[in-house]
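These notes concern the structure reproduced below.
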Amino acid sequence: MRRAGAILIMLTVLGAAAGAGAEDAAGRGKLTVVTTPWTKVQVDGEEVGNTPVLGHEVGAGKHEVTLVNESFSISFSMSVTVKDGKETKISHSFEVETTKGDGRLNVTTSPWSEVHVDGEFLGNTPIQGHKLGPGKHTIKLVNEGLGILETLSVTIEDGMDTTISKQLASTPKTGTLSVTAHPWAKVFVGGVELGNTPIVKHRLEPGKHKVKLVNDALGVTKTFTVKITKGQDTKLVKNLNKKGVKGPQGTLSVTTTPWTTVYVDGKKVGNSPLIKHKLKAGKHTVKLVNKDLEIQKVFKVTIKKGEDTQIVKNLL
């Protein structure tokens, strides 16, 4: 592996202004960092991963971001401002002077993988334009979560690009659980709360698990046993209504930005997005609440027999 000489830096920061100062009193935003070559990313002195770092959640305000790659003698810091509810993107390109005659390595994989070259960690895919000395090199592709480990041998030629593009076969060690309940439920697995339905492809070890569904508004608590199979998604779909809706009925769907808790005629029926919640045909009062953002909106809707009534609102 060649060690870096002089470093030329091209910095692009989108959605943030440089500077330093205290974090805002409230609010959250996201930080995305992409560099070439890869770097370790530290935010306010805490390491958050290797590039690419995508959608890392931080408090709104000003933060110190440090990029480090010891192999290339890279250490660079900057201050960025993350705005409430916004994504700040940092694109940082280091052009590294190396000895003449180097070639370049490009690696793309699906799904993503770590890339190790001759035993040294290079970064996560995609890797673009990484300079290597001519000759044979050993490339190892690793994704431990998906059970992926593949080793390749490549020959780098003077001044040429060598591209590896691989569809990697995974051998997952876990299965997943998806839970849907009508109208909604808190989901507990092994006594641990996962959140409100719908739960989509939550990873679990293979074997039997106890799943508890709780809806306090309906006074319903139900426990089920599910069997998780390695590499497969187990689906649990339950109707928690004690009594069905009598007479003509339709459905209500609610989508809001940001999320809200949905009440119908004073009863909590779930969180948005709420999909095709069954209601008796006729007029109903819908209240949307997000206590954290101090949002409370009330709407009148008319449910028609056999139809889905939709509420789509941006409440910011």
Can you pull out the residues in segment 284-295 that are under 19 Å from Trp259 (Cα atoms) and either in contact with a Gly (Cβ under 6 Å, 6 or more places away or on another chain) or surrounded by 14 or more Cβ atoms within 10 Å (Cβ to Cβ) (or both)? Val286, Lys287, Leu288, Val289, Asn290, Leu293, Ile295
Strands (runs of 3 or more DSSP E) contained in segment 69-168 and holding at least 3 residues hydrophobic (A, V, I, L, M, F, W, C) and under 17 Å from Asn50 (Cα atoms): 74-82
Are any residues in segment 94-110 exposed (fewer than 14 other Cβ atoms within 10 Å of the Cβ) and at pLDDT 85 or above, and if so, which ones? Ser110
Taking Trp184 as meeting all but one of (1) in a loop (DSSP other than H, G, I, E, B); (2) in the same structural domain as Phe299 (by TED's automatic domain parsing), write down the number of the exception. (2)
Residue that is farthest from His202 (Cα to Cα) [pool: residues in segment 122-142 that are charged (D, E, K, R) and surrounded by 14 or more Cβ atoms within 10 Å (Cβ to Cβ)]: Lys131
Give me the pairs: first residue in segment 25-54 and within 19 Å of Ser75 (Cβ to Cβ), second residue part of a loop (DSSP other than H, G, I, E, B) and of a type in the set (Phe, Trp, Tyr), beta-carbon distance under 8 Å, and six or more apart or on different chains, which are they? Asn50/Trp38; Thr51/Trp38
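Here is a yes/no grid of residues against (1) of a type outside the set (S, T, N, Q); (2) outside the structural domain of Gln232 (by TED's automatic domain parsing); (3) buried (at least 19 other Cβ atoms within 10 Å of the Cβ); (4) closer than 19 Å to Thr35 by Cα:
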{"position": "His116", "(1), (2), (3), (4)": "yes, yes, no, yes"}
{"position": "Glu120", "(1), (2), (3), (4)": "yes, yes, no, yes"}
{"position": "Glu144", "(1), (2), (3), (4)": "yes, yes, no, no"}
{"position": "Ile148", "(1), (2), (3), (4)": "yes, yes, yes, no"}
{"position": "Ser153", "(1), (2), (3), (4)": "no, yes, no, no"}
{"position": "Glu157", "(1), (2), (3), (4)": "yes, yes, no, no"}
{"position": "Gly195", "(1), (2), (3), (4)": "yes, no, no, no"}
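Looking at Val312, Val211, which is the one that is surrounded by 13 or more Cβ atoms within 10 Å (Cβ to Cβ) and either aliphatic (A, V, I, L, M) or not in a loop (DSSP other than H, G, I, E, B) (or both)? First the steps, then the outcome.
Working: Val312 fails: surrounded by 13 or more Cβ atoms within 10 Å (Cβ to Cβ).
None of the others qualify; the one that does is Val211.
The values are calculated or read from the model by the stated rules, or taken from the named source; none is laboratory data. The shown structure was predicted, so the numbers you read here are calculated from the model rather than taken from an experiment. Cβ sites come from the backbone with ideal geometry, for glycine too, and all protein chains shown count toward neighbours.
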